Amino acid sequence: MKPISIPTVFEPIGTREKTVLFLGYDRDHTTLIDALLVANCEVHHTEDEIPDTQYDLVISFGYRHLIRQSKIESLGCPIINLHISYLPYNRGAHPNFWSFFDGTPAGVTIHLIDEGIDTGPILFQKRVVFTANEITFAQTYDRLFKEIEALFIGRLPAIIAGNWTEQEQVGVGTQHNLCDLPVEFAGWNSVIVDEIKRLRQITGNHNA
């Protein structure tokens, strides 16, 4: 069994309000750890398996591991995920690609984690409409990344206080796995309109 690594601990700016486990991206990739520190949270960070420690809150952003139901129950605190799609659309992998390929809404969602993949109750979300200058998958991904960070920071007092209203996801939505990305995909710097048209011709999917 792979040993559980010890999380990196960041001390809050002032008197500690909450002890938060931050799963996934580190300080080089997201501003949210620093935002939590400014909000006087002690932040424990790991990209690996979750340690057997008690926390007031768990935040998952860019975390690559499935959190099993037994771990959800043993943590005994809210576990919040940040997902760059407008749930219930595009659960799972590569949501930015599939919103264009399937013709589904783009956006960002903060939701509670349950035993499913991006199926938990929604806390906060925002639709995103891209500008005329955002023409590649990389550019739209960057926009979504900034939007989810802004949504989190804007709602941070409520998140720390647990002051939210849970909304169950409505409708069937869509879900995709890593292996669903077409092997013919030209890459994230390709122009979205041209690439989607080309891929639909190759795959025979003209329904979106």
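Mind checking which of 29, 111, 176 has the largest fluctuation in a GNM of the chain, springs on alpha carbons under 10 Å?
Looking only at 29, 111, 176, the biggest GNM fluctuation is shown by 29.
Which whole-Hz ³J(HN,Hα) couplings does the stretch 103-120 yield from phi under the Karplus relation 6.51 cos²θ - 1.76 cosθ + 1.60, θ = phi - 60°, glycine and proline marked x?
x, 9, x, 9, x, 9, 9, 10, 9, 6, 8, 10, 6, x, 9, 6, 10, x
Starting from the Cα gyration tensor of the chain, multiply each eigenvalue by 5, take the square root, and state the resulting semi-axes largest first in whole Å. Walk me through the intermediate numbers first.
Numbers: eigenvalues 204, 64, 55 Å².
In descending order, the three semi-axes are 32, 18, 17 Å.
Counting other C-beta atoms within 10 Å, which of 63, 141, 89 has the fewest, and how do the rest follow? Kindly include the intermediate steps, with their values, before the conclusion.
Numbers: 63 20, 141 17, 89 23.
With the sparsest Cβ surroundings first, the list reads 141, 63, 89.
Once amide H atoms are placed 1.01 Å from N in the peptide plane, what residues at a sequence separation of 5 or more from residue 175, or on another chain, have their amide H within under 5 Å of its amide H?
Under 5 Å from the amide H of residue 175: 90, 91.
What's the exposure ranking of 191, 108, going from fewest to most Cβ atoms within 10 Å? Write down the numbers at each step before the final one.
Numbers: 191 14, 108 26.
Ascending number of Cβ neighbours within 10 Å: 191, 108.
Relative to the longest principal Cα axis of the chain, at what angle does helix 192-203 sit, 0 to 90 degrees, rounded to 10?
Approximately 70 degrees, to the nearest ten.
Expressed as an acute angle from 0 to 90° and rounded to the nearest 10, what is the orientation of the C-alpha long axis of helix 137-154 relative to the principal long axis of the chain?
30 degrees
Per DSSP H run of at least 4 residues, take -39500 (n - 2.57); add these up for the chain, divide by its residues and hand me the 222 nm value, nearest 500 deg cm²/dmol.
Theoretical 222 nm ellipticity from helices: -8000 deg cm²/dmol.
Values quoted throughout were computed directly from the atomic coordinates according to the rules given, and no laboratory measurement underlies them. Predicted, not measured: the structure shown is a model, and the values here were computed from it. Here the Cβ is made from the backbone with ideal geometry for all residues, glycine too, and neighbour counts use every protein chain on show.
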